[in-house]
Amino acid sequence: MDITELTVHELQEKLKNKELTVTEITKAYVNRINEKEKDVQAFITLTTDDAIKQSKEIEDKINKKEISGDLAGIPIGIKDNICKKGVKTTAASKMLENFVSPYNATVMEKINNENLITLGKTNMDEFAMGSSTETSYFKKTKNPWDLNRVPGGSSGGSAAAVASNMVPWALGSDTGGSIRQPAGFCGVVGLKPTYGLVSRFGLIAFASSLDQIGTFTKDIKDTAILLNVIAGHDEKDSTSANVEEKDYTKCLKNDVKGLKIAVPKEFFGEGINEEVKDALEKAIEKYKELGAKVEEVSLDIANYALAAYYIIACAEASSNLGRFDGIRYGYRTPNYTNLKDIYVNSRSEGFGDEVKRRIILGTYVLSSGYYDAYYKKAQKVRTLVKNKFDEIFKNYDVILTPTSPTTAFKIGEKSDNPLEMYLSDICTVSVNIAGLPGLSMPCGVDKNGLPIGMQLIGKHFDEETILNAGYTYEQATKFREKYKAELKK
Amino acid sequence: MSIEDYETVIGLEVHAELSTKTKIFCKCPTKFGAEPNTQVCPICMAMPGTLPVLNEKVVEYAVKAGISTNCEIERDSKNDRKNYFYPDLPKAYQISQYDKPLCKGGFIEINVNGENKKIGITRIHIEEDAGKLNHNEFGQGSLVDLNRAGVPLIEIVSEPDMRSSEEVDAYLKKLKSILEYIEVSDCKMQEGSYRADVNVSVRKKGDTEFGTRTEMKNMNSFRSIVRAIEYERARQVEVIENGGKVEQETLRWDDVSGKTFSMRDKEDAQDYRYFPDPDLVAIRLSDEYIENIRKNLPEMPESRKDRYINELGLSEKDANFLTSSKAYSDMFEKAGEICKNYKAVCNWLNSDIARILNEKEQEPDQIPFSAENLAELVKLIDDGVISSSIGKKVLDELFANPRSPKQIIEEKGWVQISDENAIKEVVLKVIKENEESVLDYKAGKDRVLGFLVGQAMKETKGKANPKMLNEMFIEELKK
């Protein structure tokens with residue numbers, strides 16, 4: 001048995017039956033990392049030494065019955081824009097290359113309370129700005145299905161770490177598709193919860209009104225388990241919703257009879273790869289077979305969502321990233337004679353091109369004289385997008401789309417063409433614009449053997465319906481039993 | 001034309017730090033004067049990933065200020081980000097309110113030279129204070145202290161309704177007293193918790209268009225504000241009279257030279273790129289919430305004034321004086337309540353205490369002793385334990401080293417001599433030593449009595465009971 005092939009619920013079962021111990025599990029993953037990380041490059045900071053130490057302590061406490069939680073000792077990977085006290089949190093930027101967080105993000109507290117073991121901080125696009133993890137200051141993460149290709153982004157490190165069995169699951173963040181797109185590219189399950197379900201406190205902000213922490217797992221049941229850990233109201237985050245706590249594993253009924261699925265035709269048109277379309281058509285047929293009612297709808301506003309998204313996200317980013325000024329922490333230029341030099345040179349030298357591009361764009365759209373034409377108009381589009389989704393959800397339970405127009409592209413293929421890169425978010429951004437939950441799961445592979453992602457969008461705070469829809473499809477198709485990332489070069 | 005042909009137009013933006021226990025967006029204390037960077041946390045230091053949570057007390061205090069200045073309280077409001085780079089601003093944006101302030105359209109009434117005038121309040125909004133830059137004593141550059149970063153402020157913007165430095169002075173004092181009465185700010189100017197940006201322009205009398213204004217930022221003394229306005233008014237008139245044009249700019253007032261200086265490079269015209277803060281939710285106030293605050297507002301100066309005149313029999317002048325400052329009024333009420341001699345308490349505050357504060361250039365809230373101390377002083381005089389001249393010495397002691405007046409007079413041996421035998425002894429001694437004066441008195445020169453009493457006072461170092469002395473002399477001189 002290869003421990004690292006197992007899902008978390010399988011690991012839990014084996015821990016319970018004493019077939020495995022916490023230290024055995026941790027060691028297996030650390031060995032896997034030692035063996036494969038050089039090929040995949042999924043981590044910015046590894047905390048494997050601490051993890052081994054921690055696994056012994058946890059095992060001890062379990063034996064002494066001092067702790068009982070059924071997730072104690074399960075390893076996890078954390079995207080490097082989530083603050084973990086005492087550990088470097090870099091957001092993959094030179095700006096924060098040596099920044100050690102003095103505090104824990106709320107999700108990190110929750111992870112610690114469950115005695116999960118952090119194996120490392122995963123690579124990402126700098127400040128989560130990108131769709132390929134190529135804008136990381138530190139390294140380029142490889143797609144475990146084809147090491148010449150990108151893992152997607154911005155949470156590419158987390159997606160690749162799960163797909164290559166270096167962690168059983170991981171946390172990421174999603175502002176415009178940064179969990180779902182890499183999950184799709186790497187053939188794993190990715191959930192971006194409803195805006196406000198998971199606290200953003202301690203997540204280094206990219207775009208505050210769009211950012212949401214979410215999960216990468218091997219299957220849907222693990223998604224439900226991890227969502228149980230991280231969801232919940234947090235008084236430290238004003239935008240965190242005060243909704244009742246749920247046990248998301250309870251909704252996995254393996255039954256979609258009567259489920260009403262909407263398929264927006266705009267997501268199957270121009271620009272969407274034929275193989276992706278074919279795989280999605282097959283998924284739709286499968287849902288019909290399983291008893292769901294599938295109908296085509298129109299979500300024409302989605303065409304404007306991408307433009308509105310880039311205006312709003314960049315506007316917020318331009319302000320959120322102001323604090324990286326070389327004064328209190330982070331990179332400070334050695335080249336200065338006055339205050340203005342500190343600002344200009346620290347930021348010019350500390351940020352990468354993509355981050356600078358977005359700060360400039362965001363600064364522009366908020367400037368006096370342009371605010372109404374760009375930012376205000378984008379907010380209006382945002383309202384229209386929300387309204388359109390509300391309208392569809394009056395008659396449907398789930399909206400089904402591809403996760404991305406294509407499968408994973410080659411490293412370097414789009415890195416010189418920002419606009420083309422932005423287009424890879426076309427299927428995912430409107431979900432963030434509307435604050436809805438979105439799930440990506442594999443629904444097949446293309447002729448190169450690369451996974452194809454399917455996106456299921458749900459109503460606000462109705463993660464249960466998309467989790468059950470995903471679970472039912474997963475049980476019927478068994479993607480994991482048929483396909484596997486081989487880490488081939 | 002001369003300066004008399006011009007009219008000065010002044011509008012103010014007053015910043016008052018609110019006296020909430022904790023900061024506006026985190027739980028750090030707001031206490032003034034702590035060691036640098038000891039009242040900070042990851043949130044007010046703007047560590048990556050931190051988020052603000054609005055302190056609801058701040059909204060409550062701002063609403064109180066709005067109601068007390070006759071403003072409309074907005075049911076829907078929000079927080080906006082004002083973006084600019086400065087080392088005392090850790091997030092590189094200040095969370096403020098842009099187009100939806102909490103309070104709008106109020107006024108306060110001032111009295112200058114016996115005339116009442118309404119000064120319009122455009123708006124009151126909430127925002128966070130910035131940190132402080134200190135000169136580095138150990139090396140080059142500046143040191144950043146973030147203790148003040150995130151201390152809550154209200155900004156009270158007036159209409160350009162003031163026409164003289166006297167009106168500005170009256171407005172600032174009235175507004176300060178209101179904020180003190182409703183207990184939302186301690187308005188300690190010396191600690192920077194009450195400061196004003198002053199906008200001044202001039203125009204020819206009779207003109208309806210405003211002239212170009214200049215702004216003087218962060219002024220924190222009444223005296224400097226008055227001086228600065230007088231200077232700026234004269235400067236602008238001179239510029240115009242010489243055929244020039246007043247430039248719209250931010251000026252720095254230099255108290256030492258008594259001049260204003262241009263502060264900002266005009267090329268650096270700021271674009272603050274205001275936009276709604278996505279980390280915070282909209283502020284919605286119910287009618288019930290606002291009504292509840294209105295009902296529970298403390299008694300305002302006008303009402304106190306009426307009570308002083310009608311119930312305590314004070315003159316309007318005295319009542320005006322006492323209510324001009326909450327510190328005076330509070331001390332008056334508390335001390336009067338204890339010693340039951342309101343008139344005497346009023347006299348102490350109005351004359352000696354006000355004089356001493358004025359000499360020290362201090363504000364009423366800097367009186368170092370308690371109302372209990374003052375009440376005790378009044379009682380000691382009323383009970384004949386000390387004379388009023390000793391009372392003044394006790395007051396000096398209270399300012400120098402506050403403690404119980406009883407303790408002071410015991411320490412100093414200032415207890416009044418009211419013992420009949422002791423008084424008689426002194427009187428006889430003085431009569432014996434001043435035979436000539438005694439003869440004068442007996443010859444009908446009544447004035448001499450005062451001289452003799454004075455001598456006796458000198459003899460007792462002012463401790464003899466003056467009434468008893470007087471009576472004893474008259475009696476003995478009859479013999």
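Coordinate-derived values only; no laboratory data. Because the structure is a prediction, the values reported are computed rather than measured. Heads up, the Cβs are rebuilt from the backbone with ideal geometry, glycines too, and the neighbour counts pull from every protein chain shown.
So if I place +1 on the C-beta of Lys and Arg and -1 on the C-beta of Asp and Glu, and nothing else carries charge, what would the dipole magnitude of the protein assembly as shown be about its Cα centre? I want it in debye, nearest 20. Working shown, then result.
Working: 135 positive and 153 negative charges, 302 e Å.
Approximately 1460 debye in magnitude.
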At q = 0.13 1/Å the base-10 log of I(q)/I(0) from the Debye formula over the alpha-carbon atoms of the range B:299-412 is -0.46
For residue A:205, distant residues with modelled amide H under 5 Å away: B:49
Near residue A:16, which lysines are there with a Cα under 24 Å away, not counting those fewer than 8 places off in the same chain? A:27, A:53, A:56, A:61, A:64, A:65, A:110, A:218, A:221, A:246, A:250, A:253
Contact order relative to length for the range B:3-289, counting C-alpha pairs under 8 Å separated by 6 or more residues, stands in percent at 25 percent
Take the protein assembly as shown, compute every pairwise Cα distance, and split them into 20 Å bins from 0; I just need the percent in each bin. 12, 34, 26, 17, 7, 3, 1
In terms of Cα to Cα distance under 18 Å, which lysines are near enough to residue B:104, apart from those fewer than 8 places away along the same chain? B:64, B:78, B:118
Rank B:222, A:450, A:190 by how far each Cα sits towards the positive end of the charge dipole of the protein assembly as shown (+1 on Lys, Arg Cβ; -1 on Asp, Glu Cβ) and give me just the farthest. A:450
Which of the aspartates and glutamates could be linked to residue A:489 by a straight reach, that is with a Cα gap under 12 Å, when you skip same-chain ones fewer than 8 residues away? A:39, A:146
The helix B:388-400 Cα axis meets the longest alpha-carbon principal axis of chain B at an angle in degrees, between 0 and 90 and rounded to 10, of 40 degrees
So what are the ³J(HN,Hα) numbers for the range A:262-272, from phi and the Karplus equation (6.51, -1.76, 1.60; θ = phi - 60°), rounded to whole Hz, Gly and Pro as x? 9, 10, x, 5, 4, 8, 10, x, 4, x, 8
Could you tell me which of A:40, A:58, A:6 has its Cα farthest along the dipole of the range A:1-77 towards the positive end, charges placed at Cβ (Lys, Arg +1; Asp, Glu -1), taken about the Cα centre? A:58
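What does the highest-first list of B:280-289, A:466-475 look like by mean Cβ count within 10 Å?
Details: B:280-289: 13.1, A:466-475: 23.7.
Ranking, from highest mean packing down: A:466-475, B:280-289.
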Charge sum, other residues only, whose C-beta stays under 15 Å from residue A:166's C-beta, Lys/Arg counted +1 and Asp/Glu -1: +3
For the range B:113-216, with only Lys/Arg (+1) and Asp/Glu (-1) charged at the beta-carbon, what is the dipole magnitude about the Cα centre, in debye rounded to 20? 400 debye
Dimensionless Rg/Rh of the range A:81-218, both radii on Cα and Rh by Kirkwood, sits at 0.93
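Please tell me which of these pairs span more than 25 angstrom C-alpha to C-alpha: B:174/B:204; B:392/B:461; A:142/A:288; B:458/B:478; B:340/B:360? Before the final figure, lay out each step's value.
Values: B:174/B:204 28 Å; B:392/B:461 14 Å; A:142/A:288 36 Å; B:458/B:478 23 Å; B:340/B:360 29 Å.
From the list (B:174/B:204; B:392/B:461; A:142/A:288; B:458/B:478; B:340/B:360), the Cα-Cα distance tops 25 Å for B:174/B:204; A:142/A:288; B:340/B:360.
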Please report, to one decimal in angstroms, the Kirkwood hydrodynamic radius of chain B built from all distinct Cα-Cα pairs. 26.3 Å
Given charges at Cβ of Lys, Arg, Asp, Glu: the range B:299-412 dipole, positive-most of B:325, B:339, B:380: B:380
Helix hunt in chain A: which complete DSSP H runs extend at least 18 Å axially by C-alpha with mean Kyte-Doolittle at least -1.0? A:22-40, A:302-320, A:353-366, A:377-395, A:463-477
Inside 10 Å of the C-beta atoms of A:19-26, what's the mean count of C-beta atoms belonging to other chains? 0
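Averaging sequence separations of C-alpha pairs under 8 Å and six or more residues apart, then dividing by the length of chain A, give the relative contact order as a whole percent. Let's see the in-between values first.
On the way: 1156 pairs, mean separation 86.8, N = 489.
Averaging sequence separation for qualifying contacts and normalising by length gives 18 percent for chain A.
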Taking each residue in B:270-277, count the Cβ atoms of any other chain within 10 Å of its Cβ, then average. What number comes out? 6
For the range B:3-289, state what percent of all Cα-Cα pairs lands in each successive 10 Å bin, counting from 0 Å until the bin that includes the largest distance. 6, 26, 34, 24, 8, 1
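Could you work out the percent of alpha carbon pairs in the range A:319-374 separated by over 12 Å, rounded to a whole number?
Details: 1026 of 1540 pairs.
The calculated P(r) of the range A:319-374 puts 67 percent of pairs beyond 12 Å.
Taking the Cα centre of the range B:299-412 as origin, sum charge times position over the Cβ atoms of Lys and Arg (+1) and Asp and Glu (-1), and report the length of that vector in debye to the nearest 20.
Numbers: 16 positive and 22 negative charges, 46 e Å.
Dipole of the range B:299-412, to the nearest 20 debye: 220 debye.
Given Cα pairs under 8 Å that are at least 6 residues apart, what percent is the relative contact order of chain B? All intermediate terms of the calculation are to be shown ahead of the outcome.
On the way: 825 pairs, mean separation 65.8, N = 479.
Value for chain B: 14 percent.
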